[in-house]
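Below is one structure; the comments refer to it alone.
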């Protein structure tokens, strides 16, 4: 198995509002939303032209085209539930009915018919290689009232057809019913690009996971609080990286027979998910068992520093090598549900295959500081005050493998943090996070950057829906802050 370590690049942030006059860093006031500063009477629902404006924005965001101006219209908080339903309905209407989506659910069996998605071509040197992802998709057991839990299973790096078939058999054997499984085959296996495209975290695959999340949320069959990524061997590496990258969508993740250097999968991001990592004690190739131990130690430190968070089950299994008992992972994960709107967020914003997330939980970098690869955000919301600590992160090699000399495998790093400046961040807000009838304060690295009222508006419901495509994160308010 070949192994790559992907370094990071990063992001940052800024401040504006949804009504009252925010403070610029020099203390001057920004202009209010309305030049005449006259209040606008909110309405409970959208008129037909307004609904069309929202749909046009959604369609542009889905196609990657230039988005029209957001519909700006004050929103009554006492009709927020209705407004969220209306925006989600318009989002569903805006998704292309001719897109190759998910098939209708049917039982998952050994005879399940495979489907496929055509993804963006993959790059290897100067070559552009077509990427077609076959997959199995099916249900085990009867649908719960809230929808099925969804498990994404990622296979290992043997011959891909055999690994995929084995994945179907394993998925049928796991004791996690009722559940739905999405079981993909890697688009390009060892025979393509010298095996360098046999990675579950590369760009075309990220495209597939975001499509899977979007379509699952729209399907009405999947519980948005119960989505889990897991895999074995190469799928263990992939699911560990993806767990840190997509933690805000997940209830849990369960890599097996893997073990990533933590630069590829920062544990800080796992604050609100259940994380299982199981590796054989004798699985020493690429230092898998050793790296699993370092992940366990890092999570134990996070638990001490932040009690009540960072649930994990990390098992270095005595007497086992690369093949281990796989059964315990999904029953453990299935016990846990997603926290979609936490008041505490820890996020190391890191790139995967050169791509950064557009946002994480309620934080959206608009301008990333220059001269730094990664930014670490710590957000704590209490008593209508949003406290943000925003720092750049620099990694320094601490321990390098002496066994592998044909490539450089760094096992441990030291992190150096410095207060970040020169960024801009959008902070989405909702009644689940703050009392929007009262003034809100925002502080960055101890300095107050905003204090005042925050107005609910349809534009924020629309923009957050287009950004996250998540029914549990439709935010009615936002403030943008420079730091």
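Listing for the model above:
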read-out: Kirkwood Rh (inverse of mean 1/r, distinct Cα pairs), the range 115-333, angstrom; value: 17.5
read-out: Fully extended contour minus Cα-Cα distance, from residue 210 to residue 398, at 0.36 nm per residue; value: 64.3 nm
read-out: Angle in degrees between helix 458-468 and the longest Cα principal axis of the chain, rounded to the nearest 10; value: 10
read-out: Cβ crowding within 10 Å averaged over residues, with 292-305, 246-259 ranked highest first; value: 246-259, 292-305
read-out: Spin-label pair residue 367/residue 55, simplified geometry with 7 Å Cα→Cβ offset, distance in nm; value: 3.7
read-out: Spatial separation of Cα centroids for the range 98-177 and the range 405-427, in angstrom; value: 33
read-out: Acute angle (nearest 10 degrees) that the helix 160-173 long axis makes with the longest principal axis of the chain, alpha-carbon atoms; value: 80
read-out: Added length on full extension, which subtracts the Cα-Cα distance from 0.36 nm per residue, residue 326 to residue 343; value: 2.7 nm
read-out: Computed E for residue 47/residue 162 - FRET, C-beta separation, R0 56 angstrom, nearest 0.05; value: 0.45
read-out: Cα-based helix-to-principal-axis angle, 203-219 vs the chain, degrees rounded to 10; value: 60
read-out: Förster radius 30 Å - calculated FRET efficiency between residue 85 and residue 438, Cβ distance, rounded to 0.05; value: 0.70
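Just so you know, all these numbers are worked out from the coordinates, no wet-lab data involved. For clarity, every value in this text was computed on a predicted model and none was experimentally measured. Every residue, glycine among them, receives a Cβ derived from its backbone with ideal geometry; neighbour counts consider all protein chains shown.
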